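The values are calculated or read from the model by the stated rules, or taken from the named source; none is laboratory data. Please read these numbers as outputs of a predicted model, since none were measured by experiment. Note that each Cβ is placed from the backbone with ideal geometry, even for glycine, and that neighbours are counted across all protein chains shown. When the accessible area is computed, the model is the full protein with side chains, heavy atoms only, and any ligands, DNA or RNA have been set aside. Shrake-Rupley method; radii C 1.70, N 1.55, O 1.52, S 1.80 Å.
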Amino acid sequence: MSKNSQDTRSAKRPNTPDLYLIDGNSLVYRAFYALPDTMKTLSGITTNAIYGFTNMLLKVLDDKPSYIAVAFDLPVPTFRHKEYSAYKATRQKAPESLRGQISHVKEILSAFSIKYFEAQGYEADDIIATLTRFAREKGLKVRIFTGDKDSLQLVSENVDVLSAVKGISETFLYTPETVLSRLGISPRSVVDYKALAGDSSDNISGIPGIGEKTAVSLINQFGDLDNIISNADKIEGKVGEKIRNNIDIARLSKRLATLVSDVPMDIDLEEMKFSGPEWQKVLPLFEKYEFKSLLKKYGGQQTFELFAQAGREKLHDINTKTDYRLMRDLSAIKELSGELKRAKGFSFDTETTSLDTFSAKLVGLSVSFRANEAYYIPADVLFLPGVMPEIISLFGDGTIKKIGHNLKYDIQVLENNGIEVKGPFFDTMLASYLLDPTAGKHGLKYLGAKHLGRAMTSYEELLLADETKDIEKTDIEDLKNYACADADVTFQLADILRKEIDKKELGFVLDDIEDPLVKVLVEMERNGVSVDCGQLSVLSKEILSRLAELEKDIYIICGEQFNINSPKQLAVILFDKLKLPTIKKTKTGASTDASVLEALAPKFEIAQKLLEYRQLTKLQTTYVDVLPSLVNSKTGRIHTSFNQIATATGRLSSSNPNIQNIPIRTDLGARIRDTFVPADGKNFVILSADYSQIELRILAHLSDDPEMINDFLTGKDIHSATAADIFGVKLEEVT
């Protein structure tokens, strides 16, 4: 178990409670609306509320409370609804995807052995009020964690309220002092305040025409509602008239706002006792709901064991339901090659030791041409003199469709091993991307679960199942099942996705643009690009010299030395010492980000210097000093990866390294770009090519706008032409 997963029950931090009471529904709702509802497991469970609530719960547990309990509403009318039918009537019905997550949240609580309460006819707030009264009688210090303000009426010397303010991380602690400073009234007057001013969130009307300021003023003058009503005749003007005319409404509003502290329910303090998480119960749920970051943070060795067991179960399940074969016999491989050629299309997947195609060692190859059937050829067999010609002939046949998931990688691996791969191609990853470019999930494991209901083993689970970090040492049967599953699922997905592609009339994009581009990108990535490391070294020295000058200037202006790269120290210098105007604030204080410095730069030299310092530092650490280290020792070039599915717009992106984002408008950015040079001197050139206003040309075509079409056909500058039309001037007059 990692050190993060250990619960030592050490001494609590100062000002922490004995008992934490959590408003379950309130925090679940807040988590749901704070996080995107696109968060789903491979099996389709929406998890934004579950994940958000779990994160908030874990932060509560960091305080090491001795006791903890959670209260939930039941989906039935309460006594308030019976007394006032319009109670909470203005609230929108919770989405089904939200309501469906509450049972999963309760499952999480049960795994943590945290007691939760529900009571027919009462709300979670009433349960919290009852538990608070019980705890106070036991002499316990209570903290209520909630997303609404109803519980503020419970605040006292030994009861505070941790209010969720924004998202799932920003909170504010209400004590008697902070309630008074923020609301202008004491906690005991909260219900009187709602009786006068109402509460729109609960559809409690209060007295019509009485606003927040008037309510506070009346309470500070007369005390509680009863005393205000008793003195209504003495209150002059419309305020007194409104009170006298709405006494019954005010009393009803107060009854609705007042929390019940004697809900009939069994309370056992021992059931609320918390001794720390039992991770062997919790971690399987983190895996079930795919909380990878929480598994990493809290799992340690137990996550290893969890993944290993999951891997073993999945590999066994695959072996019992499919026909996956290990191929070692030469005659059987030749027979398989003949069947693949007659099938006119097959899927394949390579197993390697690394994701880096230049260093990856080929471990094996799997192929499939029928659903639930696949074949695995280990590398030691693949490279036999009698086998390799069959494989080369198969993959070099341009009449056979090659199907894969992220084909670009597998083609590179095979071609690095002397096996040329000819199209036509069908890449299931690209097909999934075309069907939903904004989905962000196109992995084989995800698509297998989504379209086929297959629980596939991950690469990590495969290695953990055999307790090894080396794929070459993995059990051959496990590796066969893993590799064959990838080829099998890919083959089955191709048929499903092909139908969807044709249904949406996207075939021409996939067949004529995306899939053929794969082979182009393979060649581009293999060729790489040359950089002048000597010129980069010169640039690095120049930048270091300029940074030293800037650092000296900054210290002189500020009158002291400090860590320029520390936002906290910089904020103190700029806003406390130099008294520069605060442009933007964050939850940790005044911001010093680029937008703030840009706003200050026209008037303050220090901001100008800091901007230049940051720009130079970023260019040096991102490009100038890094690019030489990325030059491949075998080829002498940088080999970036070009990604077809990284943007929703369809544009290519570059990564490892990203050579697309080098600045072009600054002198230094241009000099960095100049270090990319043609290979072999005079025999090659670097060609720069770009579409002319491609998006606007597409817009003109789709809208069939005659003015735009004419502007493009006649070679006008589209921006100048648009400006001329909008401002009613001649084209040559546009500045």
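Each 5 Å bin from zero up to the one holding the largest Cα-Cα distance in region 488-549 carries the following percent of pairs: 4, 13, 11, 11, 11, 8, 7, 6, 6, 8, 9, 5, 1.
Highest mean first, the peptides 321-332, 59-70, 139-150 sorted by other C-beta atoms within 10 Å per residue fall in the order 139-150, 59-70, 321-332. Averaging 1/r across all pairs of distinct Cα atoms in the chain and inverting the result yields a Kirkwood radius of 32.1 Å. Using 1/(1 + (r/R0)^6) with R0 = 22 angstrom and r between the beta carbons of residue 247 and residue 188, what's the FRET efficiency to the nearest 0.05? That pair, residue 247 with residue 188, gives E of 0.60.
For region 49-90, the calculated P(r) over all alpha carbon pairs, in 5 Å bins from 0 to the bin holding the longest distance, is 5, 16, 17, 14, 10, 13, 15, 8, 1 percent.
Rolling a 1.4 Å probe across the protein heavy atoms gives region 139-257 an accessible surface of 47 Å² per residue. On the accessible surface of region 72-147, probed at 1.4 Å, how many percent belong to carbon and sulfur atoms? Carbon and sulfur: 49 percent of the exposed surface of region 72-147. Cα extents for region 321-377 along the principal axes, largest to smallest and rounded to whole angstrom: 33, 24, 24. By the Kirkwood approach, averaging reciprocal distances over each pair of separate Cα atoms, region 639-710 gets a hydrodynamic radius of 15.5 Å.
Return the carbon/sulfur percentage of the accessible area of region 181-271, one whole number, probe 1.4 Å, all protein chains in place.
It is 44 percent, rounded to a whole number.
Mean residue ellipticity at 222 nm, helices only, the chain: -14000 deg cm²/dmol; runs of at least 4 DSSP H residues each add -39,500 (n - 2.57), and the sum is divided by the number of residues. Averaged per residue, region 614-701 has 67 square angstrom of accessible surface, using a 1.4 angstrom probe with ligands and nucleic acids left out.
Sorting the segments 160-171, 118-129 by their residues' average number of neighbouring beta-carbon atoms within 10 angstrom, most packed first, yields 118-129, 160-171.
When both bridge partners sit in the chain, DSSP labels roughly 50% of those beta bridges antiparallel. For region 388-515, the Kirkwood estimate of the hydrodynamic radius, built from every pair of different alpha carbons, is 16.0 Å. Helix 407-416 and the long axis of the chain differ in direction by around 40°, with both axes built from C-alpha atoms.
Overall shape of region 47-146 was characterised from the C-alpha gyration tensor. The equivalent ellipsoid obtained from it has semi-axes of 25, 21, 11 Å, in decreasing order. The accessible surface of region 448-555, taken with every protein chain in place and a 1.4 Å probe, is 51 percent carbon and sulfur.
Leaving out ligands and nucleic acids, and using a 1.4 Å probe, what accessible area per residue does region 496-577 come to in Å²? So region 496-577 comes to 56 Å² accessible per residue, rounded to a whole number.
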